[in-house]
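Let me give you the structure first, and then I'll get to my questions.
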Amino acid sequence: MPYPDYPIPADESQRQRDLERLGVLNHPGDEHFERLVRLASTVLETPIALISLVDGDRQWFLAHHGIDSTETPRKMAFCAHAIAGDETLVVPDARQDPRFCTNPLVIQDPKVRFYAGTPLQSRDGHNLGTLCVIDRQPRHFSSSQVRLLEDLAQLVLRELELRRLTTVHPVSALATRESFLEQAEPELLRARQAGENLAVLALELDHFDQIKNRWGLQASDRAVVDVAGLLRSQQCDQDLVGQIGDQEFALLMVNVDLATAMERADAIRAGISELRGVFSASGHQLTASGGLTLLAPADRQPLDALHRAERALFLAQGNGQNQIAEILADPLEAQSALE
């Protein structure tokens with residue numbers, strides 16, 4: 001028997017945007033969040049507790065206690081119903097609730113009977129997911145327990161905001177330099193094991209200080225946001241993108257050869273030159289220089305490849321800007337080439 005469709009919030013596109021800007025999707029295992037779900041499970045006496053983020057057609061668990069799953073389809077998610085409102089959703093017995101009685105999560109493992117989920121609301125008022133507790137037995141949930149769950153949800157939101165401030169650039173909402181390198185680490189290991197190439201592009205806006213000094217911070221921030229949007233549009237599935245300086249960006253391209261990486265890098269450079277801002281009326285064109293490298297056998301960490309890409313960037317800037325240069329040699333040889 002089919003189960004009812006889940007509600008789609010009216011602010012779905014803005015909600016999804018805020019969720020992506022958190023920079024936590026697909027990066028589980030943070031001990032701060034794991035500790036909070038263990039605490040929720042203990043104090044509310046439920047075998048299962050989750051921090052669930054509702055992303056596209058799935059719910060993904062930032063932290064989970066009591067089950068091994070890391071995600072479920074959104075159409076099965078109790079949390080997809082919880083984020084449709086602003087109050088804590090309490091389901092005393094899922095088998096008696098027409099919204100959930102035919103749900104596979106109720107009929108099959110983990111055999112959910114009781115659910116309570118408090119929406120996790122972004123600073124802009126969009127519900128990103130929930131802190132929820134689950135039991136395999138029906139139960140009553142008192143008003144004091146609801147308040148306790150809501151208090152714990154506020155701790156989750158505070159931790160998410162702290163993480164956002166340290167891992168997401170405040171202007172572009174891209175990963176910061178530290179966060180970009182942290183996310184690149186497992187990709188480097190995975191690529192080595194799979195025998196795949198990784199390419200790193202370091203990109204810096206040319207004459208950026210002129211825009212800031214002549215047209216002001218609002219114009220320069222708008223340029224950064226537009227470039228970030230362009231980079232996001234050029235991402236493939238496993239690529240990583242970050243803002244690693246005031247006017248510098250990085251793109252990690254997964255499973256590409258040099259020719260493909262160079263083609264993509266030059267397309268990004270050309271795309272930047274087509275962006276328009278308040279400065280365009282005065283004849284100023286936004287351009288960028290880039291440095292490209294491939295992962296080398298001697299690279300022990302992503303920073304090694306990024307440093308080499310930045311050396312290639314310096315070459316491009318020294319050769320007249322608005323171009324892409326590449327360095328594939330050992331970093332020491334690359335340094336010699338600049339001297």
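Where a number appears in this text, it was derived from the coordinates with a stated rule and is not lab data. Just so you know, these numbers come straight off a predicted model, no measurement behind them. Neighbour counts are summed over all protein chains in view; Cβ atoms, including those assigned to glycine, are modelled from backbone coordinates with ideal geometry.
Quick one: if the Förster radius is 35 Å, what FRET efficiency do D124 and I67 give, using the C-beta to C-beta distance and rounding to 0.05?
Working: r = 31 Å, r/R0 = 0.87.
The formula returns an efficiency of 0.70 here.
Given R₀ = 25 Å, what would the calculated FRET efficiency be for C236 paired with R17, taking r from the Cβ atoms and rounding to 0.05? Provide the component values of the computation, followed by the final result.
Values: r = 20 Å, r/R0 = 0.80.
Result of the calculation: an efficiency of 0.80.
Does region 12-166 come out rounded, prolate or oblate, given a ≥ b ≥ c as the square roots of the eigenvalues of its C-alpha gyration tensor, rounded meaning a/c under 1.5 and, failing that, prolate meaning a/b above b/c? Don't skip to the end; give the middle numbers.
Working: a/c = 1.55, a/b = 1.35, b/c = 1.15.
Prolate is the answer for region 12-166, as a/c is 1.5 or above and a/b outweighs b/c.
Quick one: K111, K212, fewest Cβ neighbours within 10 Å first, how do they rank?
K111, K212
Using label points projected 7 Å from each Cα along Cα→Cβ, tell me how many nm separate S282 and K75, to one decimal.
That separation, rounded to one decimal, is 5.5 nm.
Here is a follow-up. Dipole size in debye (nearest 20) for the chain around its Cα centre, Lys and Arg Cβ +1, Asp and Glu Cβ -1?
Working: 32 positive and 49 negative charges, 184 e Å.
With only Lys, Arg, Asp and Glu charged at Cβ, the dipole is about 880 debye.
Here's something else I'd like to know. Using a basic spin-label model with each label point 7 Å from the Cα along Cα→Cβ, how many nm lie between L303 and D30?
2.2 nm
A further question on this structure: Below 15 angstrom from the Cβ of V224, what's the summed charge of the other residues (Lys, Arg +1; Asp, Glu -1)? Walk me through the intermediate numbers first.
Numbers: positive: R21, R177, K212, R222, R232, R276; negative: E204, D206, D209, D221, D226, D246, E248.
Computed value for this residue: -1.
Just want the ordering: F33, F141, F78, from fewest to most Cβ atoms lying within 10 Å of their own Cβ.
Listed from fewest to most nearby Cβ atoms, that is F141, F33, F78.
Based on other C-beta atoms within 10 Å, arrange W215, W60 from fewest to most. The partial results should precede the final answer.
Numbers: W215 17, W60 22.
Lowest to highest Cβ neighbour count: W215, W60.
What's the local net charge at L89, with K and R +1, D and E -1, over the other residues with C-beta under 12 Å away?
Numbers: positive: R99; negative: D86, E87, D97, E150.
Result for the local shell: -3.
Give the residues of region 285-328 whose amide nitrogen is closer than 16 Å to a point set 7 Å from the Cα of T260 in the direction of its Cβ.
Hits in region 285-328 for T260 at 16 Å: 293-295.
Run lengths n ≥ 4 of DSSP H only: what is the helix-derived mean residue ellipticity at 222 nm for the chain, with -39500 (n - 2.57) per run over all residues, to the nearest 500?
Numbers: 11 runs with 142 residues, N = 339.
The helix contribution divided over the chain gives -13500 deg cm²/dmol.
Between R95 and V171, what is the label-to-label distance in nm when each label sits 7 Å out along the Cα-to-Cβ direction?
Each label point is offset 7 Å from its Cα along the Cβ direction, giving 5.9 nm.
Just the Cα atoms of region 177-338: what Rg and Dmax do they give in Å?
For region 177-338, the Cα-based Rg and Dmax read 15.6, 51 Å.
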